[in-house]
Amino acid sequence: MDHHHHFTPPPSPMENTAAGASSKPPTPASTPNSRLSSGAPSSRQSATPSHASATASAPTPASRTVYSDRFIPSRTGSNLALFDLAPSPSSSHDAAASGPNAASSGSAAPTSPYCALLRAALFGPDTPDRVASSATACSSSSSPGASAVGTPATGNIFRFKAEVPRNAKRALFSGEDEEDALFPGIFTTRGAGQRKIARSPYKVLDAPALQDDFYLNLVDWSSHNVLAVGLGNCVYLWNACSSKVTKLCDLGVDDNVCSVGWAQRGTHLAVGTNQGKVQIWDATRCKRIRTMESHRMRVGALAWSSSLLSSGSRDKSILHHDIRAHEDYVSKLTGHKSEVCGLKWSYDNRQLASGGNDNRLFVWNPHSVQPVLKYTEHTAAVKAIAWSPHLHGLLASGGGTADRCIRFWNTTTNTHLSCVDTGSQVCNLVWSKNVNELVSTHGYSQNQIIVWRYPTMSKLTTLTGHTYRVLYLAISPDGQTIVTGAGDETLRFWNVFPSPKSQSSDSLSCIGGTSFVRSYIR
């Protein structure tokens, strides 16, 4: 629990009843068990005053059975004391024996069902009161006079013990996600503590010639679970299921890879080069199918939207390439005053966010050649950009060394939501699709990786290990694993996010594991 909120429930009739429990007639739970036949209560049940039974007949001799027109079930086997619906025999006996000094001896009157339910939701079932109640219920149900009706084998709905999972109790106040409360600010179902995240990578790949350049984007993970990495003038593909490495292309000694980007289907890879070229490769056949040469300078950012590929360049422009059209590009976006280093399409493909070395964050729609939204609050280059998969129009952006901040924007209402100073250069952002969390990677001066919980922006964990700026970041198709790359020429794999609840055991994630492995990507 992040926060404890105290509530004063309205007075319950059960509390008033419990105050005079010693002077009340015994409840049905304290009477010997009797068998009902055709809705007929025993004479002893008929003679017992109760809210559950009423008869117009006068009291009859104990040897005679009275039949009425009502079916009155026997509740003698139910553990009503466990829910404070009625005092247990032992507590009644103790209360009678202790007399008016019971309160001073530490015994408490039974609480209302609302209080019991609230206590279980707030503090879990392992409180001293609940342990004591469970022990009392067990002793009463195991007594010689107890009925088999209350045993777990019959599926008694009033049994509220260890056979009910802890999460089932918590679900009374939780939404679809166990960790997201249905009533924000009142209940936070964090349970026994935060999710444990391993502090060390479970796999490290050596990546020789991985460039230490803030403005490049050299790592991307496809929906087919294949990692593309640009190393020098070559692009390599690493299959996460088989660990097989394939050399996709070699640009030659006169050119270098500046960006890679997978199409949504995971079969085609775009490659941006230092000479301003944009190449499209069929990764399944390792064959180049197209080259576009419309940029005048290097292409450091790529983003796909169905069959539309957007490319950002040091020439300050963004070009839209439709791979179905004959022209090299179908539209040109102008607005940035310096190199475009960040580029991301929203999940619904209706908005494109771009960040540049001019410290500007722009938002475009598919039909505009000028930005529809302009954000100038960052004070350093904006490379880190991430759209939320959970809330339409929620955009996160991160600034460079002179800024160090992660800012959140609502592009639907054109509002700045919040700002968090991370203490280091923000190099990348990616949002989890499984939970409402995001991860950021950083450069000067701490080179750390931080997992955040949104919207509180509380740190779940900080991961360290890279000795250079963590310039590259990608997330696995199942949303559980991230890979980070740095100028120390290593790629590190971390398990940071939980699995989706709908995920089957034979998902695409073949890379999970706890054993540490180090190998070479080429």
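The values are calculated or read from the model by the stated rules, or taken from the named source; none is laboratory data. Bear in mind the structure is a predicted one, so any value in this text is a computation, not a measurement. So basically every Cβ, Gly included, is an ideal-geometry build from the backbone, and we count neighbours across all protein chains shown. Ligands, DNA and RNA are excluded from the accessible area calculation, which covers all protein heavy atoms including side chains. Shrake-Rupley method; radii C 1.70, N 1.55, O 1.52, S 1.80 Å.
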Original post:
Of the cross-linked pairs 196/247; 433/459; 287/344; 247/316, which ones have a Cα-Cα span greater than 28 Å in the structure shown?
Top reply: 196/247; 247/316
Original post:
Hey, rough spin-label estimate for residue 291 and residue 402, points 7 angstrom out along Cα→Cβ, what's it come to in nanometres?
Top reply: 3.8 nm
Subject >> Segment residue 196-residue 245, length gained on full extension (0.36 nm per residue, minus Cα span) >> reply: 14.5 nm
Original post:
In the full protein assembly as shown, how much of residue 224 is accessible to a 1.4 Å probe, in Å² to the nearest 10?
Top reply: 100 Å²
Original post:
Between residue 379 and residue 464, what is the spin-label point distance in nm, taking each point 7 Å from the Cα along the Cα→C-beta axis?
Top reply: 2.6 nm
